[in-house]
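Participant: Here it is, the structure in full.
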Amino acid sequence: MVKIAVTSDNHLDLNKVALADTIKQQATFLQDQGVDDYLIAGDLFNDFQKSVDYVQQLSAAVAPIRVFFIAGNHDMIKGVSYDELENGQWPGYLNNQFFDVPQTDYRIIGMNGWYDYTFAVNEDKTEDEFHRWKMAYWIDGLISQPMSDPEREQIVLSELTQQLQNAQSAGKKVILMTHFVPNQHFIHYTNDFRFWNMANAMMGSLHFQKLIEDYQVERVVFGHIHQRLVPIRLKATTYYNAAVGYHNHRHNEWQTNDFIAEWAKQLKMFQIF
């Protein structure tokens, strides 16, 4: 039996977390819970190098628990290039890579993910209009990339297809960790707040969802949306979102006033055999 814990969207910098104490508390909690693998589905810092440093410190503190992470859009803002995100080999970094969980037939596949505007329902908007809106109003406008969003997502889809084909050929059950929203079920549409109907374009991809469904991925871990969601099974897949979200003077999405309490409350755990 292997116990897996998952989290996302800790936003340690925006939440002004005391890092050294937090790492100690997280390590103690994970060890007390008997966790074997800890998965972080992105958005640790607004600086990728700080995210890497944190994971290295946490990994040392929780050993022999294995820590894996991917980059969320916030991690991508600073301290990393597109090529580095694609090909980086930092300890625990799992984008377009996999880990076969010992003594099980499970494979953890990591995929940062991206978007191609297909979650939007603004049928009157062109690709160029979505891009201009993103650059004006969305934090991802700060992220450097050498192609359009649909082109970037096409690369993600190609990589995911190959990873899922390889897992299928190896006879592995898949736990997919991604940052962006992997199923339209989690997208909120509204008639009275047009900002979010535009923002939905930057949430994920219907094509990514279709791959999950086509390959009948058993479990998907994701972040990006800061809702309080219980695990849910949609078709053949169980989805886990463990986002901690924001707690500051501008945004308060927490149900408590303490980071560790909120993180532990949001943590999702499951066992595999």
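Participant: Looking only at the range 31-51, which residues are open to solvent by 10 Å² or more (accessible area, probe 1.4 Å) and either in a helix (DSSP H, G or I) or at positive phi (or both)?
Facilitator: Hits for the range 31-51 are Gln31, Asp32, Gly34, Gln49, Lys50.
Participant: If I filter the range 136-164 down to residues being in contact (Cβ under 8 Å) with a residue 24 or more places away in the chain and more than 20 Å from the chain's Cα centre (by Cα), which single residue comes out as farthest from Asn95 (Cα to Cα)?
Facilitator: Tyr137
Participant: Taking the range 2-47 only, how many residues are out of contact with any Phe, Trp or Tyr (no Cβ under 9 Å at 6 or more places or on another chain) and within 22 Å of Ile143 (Cβ to Cβ)?
Facilitator: So the count comes out to 3.
Participant: Could I ask something else about it? Which one of these is more than 22 Å from Ile109 (Cα to Cα) and touching a strand residue (DSSP E or B) at 6+ places or on another chain (Cβ under 8 Å): Ile187, Ile272, Ile175, Ile212?
Facilitator: Criteria check complete, one pass: Ile187.
Participant: Wholly within the range 178-273, which strands (runs of 3 or more DSSP E) include no fewer than the required count, namely at least 2 residues that are buried (at least 22 other Cβ atoms within 10 Å of the Cβ)?
Facilitator: Values: elements: 219-222, 232-234, 237-241, 268-272.
Per the criteria, 219-222, 237-241.
Participant: If you don't mind, there's one more thing I want to ask. Could you check the range 4-30 and list, in sequence order, the residues that are under 19 Å from Asn248 (Cα atoms), in contact (Cβ under 8 Å) with a residue 40 or more places away in the chain and either open to solvent by less than 10 Å² (accessible area, probe 1.4 Å) or assigned to a helix (DSSP H, G or I) (or both)?
Facilitator: Within the range 4-30, Ser8, Asp9, Asn10, His11, Leu12, Thr22 qualify.
Participant: So Val121 clears everything in (1) of a type outside the set (Ser, Thr, Tyr); (2) under 28 Å from Val244 (Cβ atoms); (3) modelled with pLDDT under 95 except one condition, right? Which one?
Facilitator: Failing condition for Val121: (2).
Participant: Another question, if that's okay. Out of curiosity, is Asp100 open to solvent by less than 60 Å² (accessible area, probe 1.4 Å), touching a strand residue (DSSP E or B) at 6+ places or on another chain (Cβ under 9 Å) and of a type in the set (D, E, K, R)? Before you say what the answer is, go through the steps one by one.
Facilitator: Working: open to solvent by less than 60 Å² (accessible area, probe 1.4 Å): yes; touching a strand residue (DSSP E or B) at 6+ places or on another chain (Cβ under 9 Å): yes; of a type in the set (D, E, K, R): yes.
Considered against the rule, which asks whether it is open to solvent by less than 60 Å² (accessible area, probe 1.4 Å), touching a strand residue (DSSP E or B) at 6+ places or on another chain (Cβ under 9 Å) and of a type in the set (D, E, K, R), Asp100 comes out as yes.
Participant: Hey, another quick one. Within the range 113-147, how many residues are in a loop (DSSP other than H, G, I, E, B), touching a helix residue (DSSP H, G or I) at 6+ places or on another chain (Cβ under 7 Å) and more than 24 Å from Val101 (Cα to Cα)?
Facilitator: From the range 113-147, those in a loop (DSSP other than H, G, I, E, B) are 113-126, 138, 143-147; that's our starting set.
With the extra rule that they be touching a helix residue (DSSP H, G or I) at 6+ places or on another chain (Cβ under 7 Å), the set shrinks to 113-122, 138, 143-146.
Adding the requirement that they be more than 24 Å from Val101 (Cα to Cα) leaves 114-122, 138, 143-146.
Here the count works out to 14.
Participant: Let me ask you something else. Quick one: Gly79 ticks every box in (1) over 22 Å from Ile212 (Cα atoms); (2) free of Cβ contacts under 8 Å to residues at least 24 places away in the same chain bar one, so which box is it?
Facilitator: (2)
Participant: Follow-up. Where the second residue is among the hydroxyl-bearing types (Ser, Thr, Tyr) and open to solvent by 20 Å² or more (accessible area, probe 1.4 Å) and the first is closer than 10 Å to Gly245 by Cα and lies in the range 259-270, which pairs have Cβ atoms under 8 Å and are six or more apart or on separate chains?
Facilitator: From residues that are closer than 10 Å to Gly245 by Cα, the pairs are Glu262/Thr256.
Participant: Out of the residues in the range 109-143 that are in contact with a strand residue (DSSP E or B) (Cβ under 9 Å, 6 or more places away or on another chain) and among the β-branched types (Val, Ile, Thr), which is surrounded by the most Cβ atoms within 10 Å (Cβ to Cβ)?
Facilitator: Per the criteria, the residue is Ile109.
Participant: Please verify whether the range 79-86 includes one or more residues that are open to solvent by 40 Å² or more (accessible area, probe 1.4 Å) and among the hydroxyl-bearing types (Ser, Thr, Tyr).
Facilitator: The answer is yes; a qualifying residue exists.
Participant: Which one of the conditions (1) modelled with pLDDT under 95; (2) buried (at least 19 other Cβ atoms within 10 Å of the Cβ) does Leu164 fail to meet, given that it meets all the rest?
Facilitator: Failed condition: (1).
Participant: Are any residues in the range 144-160 under 17 Å from Asp128 (Cα atoms) and open to solvent by less than 70 Å² (accessible area, probe 1.4 Å), and if so, which ones?
Facilitator: Matches in the range 144-160: Gln145, Met147, Ser148, Asp149, Pro150, Arg152, Glu153.
Participant: If we scan the range 59-71, do we find a residue that is in contact with a strand residue (DSSP E or B) (Cβ under 6 Å, 6 or more places away or on another chain), of a type in the set (S, T, N, Q) and part of a helix (DSSP H, G or I)?
Facilitator: Within the range 59-71, one or more residues are in contact with a strand residue (DSSP E or B) (Cβ under 6 Å, 6 or more places away or on another chain), of a type in the set (S, T, N, Q) and part of a helix (DSSP H, G or I).
The values are calculated or read from the model by the stated rules, or taken from the named source; none is laboratory data. Here the structure is a predicted model, which means the values were calculated and not measured. Heads up, the Cβs are rebuilt from the backbone with ideal geometry, glycines too, and the neighbour counts pull from every protein chain shown. Areas reflect the complete protein model, heavy atoms only, side chains present, ligands, DNA and RNA absent. Shrake-Rupley method; radii C 1.70, N 1.55, O 1.52, S 1.80 Å.
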